[in-house]
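Novice: This is the structure I want to talk about, given as structure tokens.
Where a number appears in this text, it was derived from the coordinates with a stated rule and is not lab data. Since the model is a prediction, treat every value here as computed from it, not as a measurement. Note: ideal-geometry Cβ built from the backbone for every residue, glycine included; neighbour counts use all protein chains shown.
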């Protein structure tokens with residue numbers, strides 16, 4: 001029972017004062033370390049505070065994943081006007097598969113309205129989930145012809161960013177050493 005009392009006493013002394021009393025040190029058969037005579041006592045330093053996460057970090061991280069897994073940014077930034085349509089089509093087929101797989105790995109998507117396009121659909125209760133198009137009256141109706149199902153994220157599972165990684169670097173430059 002004495003050890004439990006000593007543990008509680010030590011815990012609360014460290015919690016409230018940051019050090020153990022001389023009596024507790026004696027009970028634990030410990031002694032205080034003193035600074036060496038030739039060296040000044042080390043000053044406590046504050047731990048480096050990691051930079052605060054910005055709203056854009058997740059979007060940039062997803063863009064970096066799409067670049068890493070499918071070279072999407074390289075494709076979008078390249079001038080494709082010199083290529084024939086069949087060359088672009090062949091490249092896009094592989095790019096499409098790689099992007100879809102990368103996106104599915106980190107983001108779960110589901111249709112906003114799970115219906116057949118071109119048929120009547122009721123508008124969901126959430127106003128931001130639907131956009132009425134065409135001849136829209138002042139008071140939106142309860143439904144209309146479904147032209148696009150829409151998409152919503154049902155799962156987002158991005159890996160955590162390393163503390164010192166700059167989220168604005170989508171893909172680092174590559175330098176070959178010969």
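Novice: Starting from the Cα-Cα distance between residue 75 and residue 10, subtract it from 0.36 nm times their residue separation and give me the gain in nm to one decimal.
Specialist: Values: separation 65, 0.36 × 65 = 23.40 nm, distance 6.18 nm.
Residue separation times 0.36 nm, minus the Cα-Cα distance, leaves 17.2 nm.
Novice: Could you order the peptides 158-165, 147-154 from most to least packed, using the average number of other C-beta atoms within 10 Å per residue?
Specialist: Ranking the peptides 158-165, 147-154 by packing returns 147-154, 158-165.
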